[in-house]
């Protein structure tokens, strides 16, 4: 093949790859790949804490509706709900500040 054919192939390859990357960026930007439920502004689920136990097992504390938490053991052999309906701990920061004011 001549050098012109190699150059045409390289230009076409760069064009196709750049077109694919720009399309992927557009889909991500417009949230077209996600279901409509995930587009809500207020999300109901949140991972409060996450602890790695070993290479295959993890424990996650999942908060639901800012009311209750659930402890879930995530492992290679399956997922297990350890504890459910844990009341959400309120911030004790205001109590700590009141204690400091009383001491001072």
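No lab work stands behind these numbers, since they all come straight from the coordinates. Predicted model, so just to flag it, every value in this text is computed and none were measured. Glycine gets a Cβ as well: all are built from the backbone with ideal geometry, and neighbour counts include every protein chain shown.
Quick look at the values:
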quantity: By average C-beta atoms within 10 angstrom, highest first, the peptides 60-68, 23-31; calculated: 60-68, 23-31
quantity: Computed lengthening from residue 89 to residue 9, 0.36 nm per intervening residue step minus Cα-Cα distance; calculated: 22.6 nm
quantity: P(r) of the range 41-89 over all Cα-Cα pairs, binned every 10 Å from zero, in whole percent; calculated: 27, 49, 22, 2
